[in-house]
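Student: Right, I'll just put the structure down here and ask away after.
The values are calculated or read from the model by the stated rules, or taken from the named source; none is laboratory data. Computed from a prediction, not measured in an experiment: that's the story for all the values here. Please note that ligands, DNA and RNA were not included when accessible areas were found on the heavy atoms of the full protein model with its side chains. Shrake-Rupley method; radii C 1.70, N 1.55, O 1.52, S 1.80 Å.
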Amino acid sequence: MTPHRRWSLQLVWLIPIVAALIGGWLALKAVIDRGPTISISFSTAEGLEPEKTRVKYRSVDVGRVTGVAFSADRTRVIATVQLSKQAEASLVADTRFWVVRPRVTGTQISGLGTLLSGAYIGMDAGTSSEAQREFVGFDVAPIVTIDLPGRHFQLHADDLGSLDVGSPVYFRRVQVGSVVAYELDNDGAGVQLRVFINAPYDRHVKADTRFWQASGFDVALDASGIRLNTESVASMLLGGVAYQTPAESAQAPPAPGNASFTLYPDRGKAMRLPDTAEETYHLVFDESVRGLSVGAPVDFRGVVVGEVTAIEVDFDTENADVRIPVEVRLYPDRLRGKAKQGKAPAGALIDRLVARGLRAQLRSGSLLTGQLFVALDFFPEEPKSAVLKRGGRAEIPTVASSLLELQATLLRVARKLDKLPLEATAADLRKALKALEHMLAATERAVTRIDGDLTPQAERTLADLSRTLSGVEKTLAAAQHSLAGVDGLLAGDAPMQLDVRETLREISRAAEALRSLADYLERNPGAILRGRGEARSQ
């Protein structure tokens with residue numbers, strides 16, 4: 001009888017057992033090392049592929065997309081993501097996810113690397129202590145990561161202008177931050193912007209810091225010439241925000257994070273001293289206000305003391321009269337200047353100025369654009385008046401614009417010219433010109449006749465007189481050489497005496513001819529113009 005052998009482990013079974021142990025250990029280790037599973041909601045599944053799309057944090061793979069499905073209401077896409085164990089601590093309430101795709105905007109170009117590698121989900125770990133497993137993903141990458149040093153600030157503006165997410169923020173023309181978000185106010189009256197300023201530049205933001213839109217460029221024309229101000233070429237094209245702190249507040253402590261500021265449309269308005277008081281008045285014009293717009297300045301001798309806030313039309317049905325009420329907001333402190341002491345009653349200063357002749361007038365601010373502004377000035381020749389109170393509204397008296405007065409004057413002149421007998425006057429003038437033309441022609445003919453008739457006779461007379469004088473000259477010369485024979489010369493038949501007698505006779509004839517000419521001209525003075533022949537015919 002063969003003895004019974006006890007069961008023994010054979011070597012052939014050792015290898016499967018070890019493999020099973022290793023497999024079990026690996027499975028257990030995989031379960032232990034397996035990270036959390038989260039869901040991320042996106043507006044679209046573009047670029048998301050299960051088991052291919054990776055999740056990256058600081059360019060390190062921390063998970064992958066395992067599935068993509070619609071939400072219950074089919075308005076969004078839910079991506080199921082398996083993360084690694086090391087990413088579990090980052091799954092808090094303020095952690096953010098977004099899909100990185102190629103993106104080109106006016107302010108930046110991003111995601112170009114995904115053209116070859118494909119889209120992936122970016123991750124920005126939060127700092128909250130509240131754990132979370134369901135997240136809402138962003139369509140674009142956030143401008144600022146949570147761990148970036150710096151602070152956020154809130155800006156309020158009337159409109160967005162050319163700003164957008166990613167628009168730069170400048171301090172002394174150095175880019176120190178960017179616009180990270182914007183939204184409309186609940187009442188739709190303005191826009192709320194959120195900006196992030198990097199450290200250490202955020203310490204230059206004080207409680208009195210002024211922010212303004214640096215979009216485009218600012219052109220100013222003054223006594224120094226033309227000035228062009230802009231932050232950068234990028235801000236001219238894409239817009240931007242700039243800020244500056246007044247010199248008197250430079251040593252103030254930095255403003256706290258998330259502090260609110262007003263975003264002004266330009267630097268001039270931002271750096272202007274704040275107005276502590278304002279008063280509303282109405283101006284009623286009987287003329288056209290074309291060219292006057294809301295926001296137009298109210299000027300007092302070159303100093304802006306207010307602005308136009310509203311323009312209305314008031315139709316009087318009883319008198320069938322139309323007037324244009326213009327509402328203006330005045331800042332009395334700009335009129336008081338440094339001389340103000342304490343607080344004066346509201347409207348007291350304007351009341352005194354109106355009593356002294358202050359009036360409102362429309363004036364042209366630019367001949368090229370035709371824009372009008374409201375000018376306050378003194379008109380002593382106007383009747384005395386006071387600030388009128390109508391329907392609970394204070395009304396400053398107005399005067400007609402200088403352009404309107406000029407137009408009225410030109411119209412009166414034109415009407416007077418229309419009443420003048422210009423056609424009859426022109427006909428009389430033409431007749432007078434024709435008569436003058438005939439008179440000038442007659443004068444020319446008379447001068448020609450004088451040259452032909454009187455001039456030859458005068459020439460002959462002058463020639464005879466010249467000969468006579470020559471003979472006298474010869475006689476006198478002979479007399480000088482014959483002083484010794486005076487007695488002989490006095491003889492009746494002496495040659496010298498004969499010559500003297502002949503000379504005297506020539507002089508007598510010449511004088512007679514001149515006398516005859518003088519008598520003739522005295523009897524016929526018109527012969528000078530008409531000529532000798534016409535005088536004889538008469």
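Student: Assuming 0.36 nm per residue, please report the length gained on full extension of the stretch E46 to A310 beyond their Cα-Cα distance.
Tutor: 90.0 nm is the gain from fully extending E46 to A310.
Student: Ok, one more. Just the number please: accessible area per residue for segment 53-102, 1.4 Å probe, all protein chains included, in Å². The partial results should precede the final answer.
Tutor: Working: 2570 Å² over 50 residues.
Roughly 51 Å² per residue, with all protein chains present.
Student: Ignoring ligands, DNA and RNA, how do M439, M123, M271 rank by accessible area with a 1.4 Å probe, largest first?
Tutor: If we order M439, M123, M271 from most to least accessible, we get M439, M271, M123.
Student: For segment 249-316, which whole-number percentage of the solvent-accessible area (1.4 Å probe, protein heavy atoms only) is attributable to carbon and sulfur atoms? Walk me through the numbers on the way to the answer.
Tutor: On the way: 2140 of 4020 Å².
Exposed carbon and sulfur together represent 53 percent of the surface.
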